[in-house]
Amino acid sequence: IRAHRARIPAVTPDWLTACVREAKRPCPAAFRVPPLAGATLTTSGLSPADREAVRRRVVALGGSFDCALRASGPGRPGTTHLLALSARLCGPDKLRAALRWAIPVVHPRWLEALEGGGPCVEPDRFRLLSTWLPTSLSTGTASG
């Protein structure tokens, strides 16, 4: 997101390899970093079929999908986003954990915006909740 704001193309390390191999700068578009690279998403309140569809979309966008909500810990990345149709439909344990661990709860429309391939789309535009609790240092998992 920062690179996009500064109009700097975000590219994979393969771009640098291609620069050296070809002795020129190749087109950055061919080496674009996927929009969800480094992100791990989970869902709450979706049917199994919808959850599977979200999983496929997340992977296609370069992210990872996990059925459980996980706090990050030393040397262990956790869930970066919780997708839900509404806070009311979220499993209460997952919702409380997401708030406690400062994991954004966003609407799946965020994925649609990312799939549009336009400019970098920040998840804040799709947040379901605007009140956040302080980040907890505890670790664990939540399901629901």
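The values are calculated or read from the model by the stated rules, or taken from the named source; none is laboratory data. None of the values given here were measured: they were computed from a predicted structure. Positions of Cβ are backbone-derived with ideal geometry, glycine not excepted, and every protein chain shown enters the neighbour counts. With ligands, DNA and RNA removed, areas are computed over all heavy atoms of the protein, side chains included. Shrake-Rupley method; radii C 1.70, N 1.55, O 1.52, S 1.80 Å.
Quick notes
- Only listed residue being surrounded by 19 or more Cβ atoms within 10 Å (Cβ to Cβ), assigned to a loop (DSSP other than H, G, I, E, B) and either in contact (Cβ under 8 Å) with a residue 24 or more places away in the chain or in contact with a His (Cβ under 8 Å, 6 or more places away or on another chain) (or both), chosen from Leu41, Leu36: Leu36
- Tally, over the range 58-99, of residues that are touching an Asp or Glu at 6+ places or on another chain (Cβ under 7 Å) and open to solvent by 80 Å² or more (accessible area, probe 1.4 Å): 0
- Here is the figure for the range 74-122: residues that are within 15 Å of the chain's Cα centre (by Cα), among the basic types (Lys, Arg) and part of a strand (DSSP E or B) total 0.
- Among the conditions (1) surrounded by fewer than 17 Cβ atoms within 10 Å (Cβ to Cβ); (2) out of contact with any Pro (no Cβ under 7 Å at 6 or more places or on another chain), the only one that Pro9 does not satisfy is (2).
- Enumeration of residues in the range 100-112 that are out of contact with any strand residue (DSSP E or B) (no Cβ under 6 Å at 6 or more places or on another chain), surrounded by 14 or more Cβ atoms within 10 Å (Cβ to Cβ) and under 17 Å from Phe126 (Cα atoms): His107, Trp110, Leu111
- Scanning the range 44-69 for residues that are among the small types (Gly, Ala, Ser), within 13 Å of the chain's Cα centre (by Cα) and assigned to a loop (DSSP other than H, G, I, E, B) yields Gly62, Gly63.
- Residue list for the range 31-84, filter: small (Gly, Ala, Ser) and over 18 Å from Trp110 (Cβ atoms): Ser47, Ala49, Ala68, Ala71, Ser72, Gly73, Gly75, Gly78
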